[in-house]
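Engineer: Just passing along the structure, written as structure tokens.
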Amino acid sequence: MRYGYFDDDNKEYVIERPDIPASWINYLGVKNLCTVISHNAGGYTFYKSPEHHRITRFRQNAVPLDRPGHYIYLRDDETGEYWTISWQPVGKDLAKAKYICRHGLSYSKFQCNYRKIEAEQLLFIPVNDDVELWDIKIKNKSKKNRKLSIFTYLEFSFHHIEIDNQNLQMSLYASGSSFDNGIIECDFFYEPWTYHFFASNFDPDSYDCVRDDFLGNYRTETNPIAVENGNCSDSSRLGGNQCASLHKKLILKPGEETRLIFMLGVGSRNEKGRDVKKKYSDLKNVDKAFEELKQYWERKLSVLQVKTPHRGFNTMINIWTLYQAEICVIWSRFASFIEVGGRVGLGFRDTSQDIMGVVHSNPEKTKQRIIQLLRGHTSSGYGLHLFDPYIFEQNKNGLLDVKLPTVVPQKKSSDIIHGIEDVCSDDALWLVVSICEWIVENGDLDFFNYVVPYVDGGEGTIYEHLTKILDFSAKYVGKNGVCQGLRADWNDCLNLGGGESAMVSFMHHWALNVFVDSAKKLGEDGDVKKYSQVAAKVKEACERELWDGGWYIRGFTKKGIKIGTKESEEGRIFLNSQSWAVYSEVASNERAVKCMDNVDKFLFSQYGLHIALPAYSKPDDDIGYITRVYKGIKENGSIFCHPNPWAVIAECKLGRGNRAMKFYDAILPYNQNDLIEVREAEPYSYCQFVVGKDHKDYGKAKHSWLTGTAGWFYTAATKYILGIRPTYDGLIIDPCIPSDWEEFEVQRKWRGATYNIRVKNPRGVEKGVKCISLNGADVHGPVPIQPESSVNEVEVILGKANS
Ligand code: NOJ
């Protein structure tokens, strides 16, 4: 069953049936202001932080789904009938009303055709203004004059999630609303610097600022009394729950179209509100802002564009997977419909990984994230698992300067430092590779010398920070010489405190190799030697202790019991220890082939690779929380999506392009576009997990958008399947593709030059480069870095070298 389709020309996903069993969401905003919005216009807005500065309210995990939202009601003033431009909240009969939602890059467009009135609601946030614009078009398609009313509706939130959700005693009576000069203002009396406003480009006929007056007693957004009556009651109040409804009566002649603009912003009516109203009352400024937003994304996407024989691969890599990865970096991982701002900040491991996927398309934001993460790095080498980087800016931007009306002690940055007992042993290792990749991509070797303070005192260059991370992992090894698991490794639910983690040792080896490349480039010969020796030692310990005959074990519990061995009744084989043994280049070729064959044999399914099987059924605190999640769910035997691209990379390392594509395809959301009765979640977004085969919801995808899967699949597809990898010495082109791909093209911009790469595969191989030419001349090895602004033609023929 399908609910929509990919419109590649417009870079949109078009939802034709809005009665989807799940919320299909999108993200508006690319800088400070963000709205998370569903295909039915439900969702919420926040400014910078979903915890500290919320603007509109959302009732998460509630019924009806996705309420409230940013709605437009239309009313036929002759019959009294009303509906919304998004299907919900009024929910007209789908046999009579036609609804479409187009989710685009940082905008969503809702379209409705009912009773011969065509209406459109475009929502977006300009790149350079902290205001959400609602651009509304209404057209009379009938043959007679139509008398209509239009009403907006949104519900304001109290500014801080805690006092919006839990502690209403002060906020409910200390913030209010008013209407003046055509602008609704929601003020926070207890916090005099915070105001939100809602304005339009016309003089309204009536308004409501008070939620309960707009909705009416015992009513909901489905049947608001104001819309039913055809008029708001001009309500405003000091205290209570505030909303923004502006009402306008319209008379449209046959064929006539009108356009109305609404603006939701941060700031007071008389300062920001007035200016914004003036600016965006001019439709030219709205059009310009929308065009700028399109250009913003166009520039990002144009850094890497592909044309392969695989349509879904093209659509996802050229548009959606990069977009999803960017969203994870811009908004971090805590603003969705699953996490709505109660947890905020940066997960050390999550953000470190997210950076890797978009170093080429977002050098500025990724650089900022790197520095923020290093502020949460300790002088002993570990990273703070989860912290809010704004704590380092307190008293400067007012964000953490917020004084809640009840007494909550102010946090100091030193309060956030946790000890070794809460360290996740993988956290900081990711950052070593992210930083090296950022530098390789952007060519700024001097960034290694940039000095950043340690969170617990002192400071060091970025290069020194990296050595501390590598030294930490070398120090914290268990009795088998494998890295300690500490609180957890990448797998939050595998709690190997006191035990050892194979994955972290493999990661250590990987990070050491990447670091050694950089040290060589910097001429740090002492460190090249030192860290190469550490890498050799790590490899030796892994090969000695972790090989189990058919695959690598996942680690040791604190009691010394092996996890993921052929003797285990449950959790017998884990995906990450195989993919990482190969990706990290620890595994010998023979073991690599064997363990990845067993991944295919034991973990593969039509929806992707399971994280581990058989799933655990008996709680075992020696192994951890993984054993206390139902079978087939999350880390316990689901098709956890994030590790899937690592297996694709491993297969590419082994030169098995057909197998790599089999793994890529099984979990590709695009491929499930017509299978939504099973998948349920968005087909344009990777999810955190797909329910595994041991659960009756097998195949359902859960937690869309905020997952490291997007960045890693982007990396797997572009750097390993297509094989295009920047290095200090030039651009490596080493594809690993399905044997039936006859050719593909990539346009890659790198350090100011453009490379038009055409790859031909006349012999139907999966891997192997016969020859490369750059602008007609033969190249041996990586394609050398070309001058800025140059456009270069690169021809690659696959096959055996010199065949
Ligand atoms: C989700 C967490 O955000 C991430 O940090 C972790 O690696 C995965 N779950 C796996 O446990």
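Engineer: Just the number, please: carbon plus sulfur as a percent of the accessible area of the chain, 1.4 Å probe, no ligands or DNA/RNA counted. Could the numbers behind the result be given before it?
Structural biologist: Values: 13960 of 29390 Å².
Exposed carbon and sulfur together represent 48 percent of the surface.
Engineer: Output the relative contact order of the stretch 208-252, whole-number percent, from Cα pairs under 8 angstrom with separation of 6+ residues. Working shown, then result.
Structural biologist: Values: 56 pairs, mean separation 21.9, N = 45.
Worked out over the stretch 208-252, it gives 49 percent.
Engineer: Also: Report the dimensions of the chain along its three principal axes from the alpha-carbon atoms, largest first, rounded to Å.
Structural biologist: 80, 62, 54
Engineer: Sequence gap at least 6, Cα distance under 8 Å: using those rules, report the relative contact order of the stretch 611-736 to the nearest whole percent. Spell out each step's value before the answer.
Structural biologist: On the way: 223 pairs, mean separation 28.1, N = 126.
Value for the stretch 611-736: 22 percent.
Engineer: Tell me, what ³J(HN,Hα) does each residue in the stretch 182-189 have, in order and in whole Hz, if you take phi through Karplus 6.51 cos²θ - 1.76 cosθ + 1.60 with θ = phi - 60° and put x for Gly and Pro?
Structural biologist: x, 10, 8, 10, 10, 10, 10, 4
Engineer: I've got another one for you. To test your reading of the geometry: what angle, between 0 and 90 degrees and rounded to tens, separates the Cα axis of helix 283-301 from the longest principal axis of the chain?
Structural biologist: So the inclination is approximately 10 degrees.
Engineer: Further question: What number comes out for accessible area per residue over the chain if the probe is 1.4 Å? Units Å², please.
Structural biologist: Working: 29390 Å² over 803 residues.
About 37 Å² of surface per residue is accessible.
Engineer: Kirkwood hydrodynamic radius, computed over distinct alpha-carbon pairs, for the stretch 321-399: how many Å, to one decimal?
Structural biologist: Values: mean 1/r = 0.0757 Å⁻¹.
Computed over the stretch 321-399, the radius equals 13.2 Å.
Engineer: Run through all the Cα pairs of the stretch 547-663 and give the fraction in each 10 Å bin from 0, expressed as whole percent.
Structural biologist: Binned Cα distances yield the sequence 15, 48, 30, 6, 0.
Engineer: For helix 657-667, what angle does its Cα long axis make with the longest principal axis of the chain, in degrees from 0 to 90 and rounded to 10?
Structural biologist: 30
Engineer: How far is helix 525-545 tilted off the main Cα axis of the chain, in degrees rounded to 10, range 0 to 90?
Structural biologist: It is inclined by approximately 90 degrees.
Engineer: Using alpha carbon centroids, what distance separates the stretch 294-359 and the stretch 441-520, in Å?
Structural biologist: 24
Engineer: Using DSSP to call loops (not H, G, I, E or B), can you name the chymotrypsin sites (Phe, Trp or Tyr not before Pro) in the stretch 174-222 whose Cβ has at most 13 other Cβ atoms within 10 angstrom? If you can, show how the numbers build up before the last one.
Structural biologist: Values: sites: 179, 188, 189, 190, 193, 195, 197, 198, 202, 207, 214, 218; in loops: 189, 190, 193, 202, 218.
Of the chymotrypsin sites (Phe, Trp or Tyr not before Pro), the ones in loops of the stretch 174-222 whose Cβ has at most 13 other Cβ atoms within 10 Å are 193, 218.
Engineer: To continue, here is another question. Using +1 at the Cβ of each Lys and Arg and -1 at the Cβ of each Asp and Glu in the chain, identify which of 378, 25, 49 lies farthest towards the dipole's positive end.
Structural biologist: Of the candidates, 25 comes out farthest on the positive side.
Engineer: What is the chain's relative contact order, in percent, from Cα pairs under 8 angstrom and six or more apart in sequence? Walk me through the numbers before you get to the answer.
Structural biologist: Values: 1897 pairs, mean separation 74.3, N = 803.
So the answer I get is 9 percent.
Engineer: Under the classification rounded if a/c is under 1.5, otherwise prolate if a/b is larger than b/c and oblate if not, where does the stretch 5-110 fall, given a ≥ b ≥ c as square roots of the Cα gyration tensor eigenvalues?
Structural biologist: Working: a/c = 1.89, a/b = 1.30, b/c = 1.45.
Here the stretch 5-110 falls in the oblate category.
Engineer: Report the dimensions of the stretch 270-343 along its three principal axes from the alpha-carbon atoms, largest first, rounded to Å.
Structural biologist: 54, 37, 17
The values are calculated or read from the model by the stated rules, or taken from the named source; none is laboratory data. These numbers were taken from a predicted model, which means no experiment stands behind them. Methodologically, a virtual Cβ is constructed for each residue, glycine included, from the backbone with ideal geometry; neighbour enumeration extends over all protein chains shown. Protein only, heavy atoms only, side chains kept; ligands, DNA and RNA dropped before computing areas. Shrake-Rupley method; radii C 1.70, N 1.55, O 1.52, S 1.80 Å.
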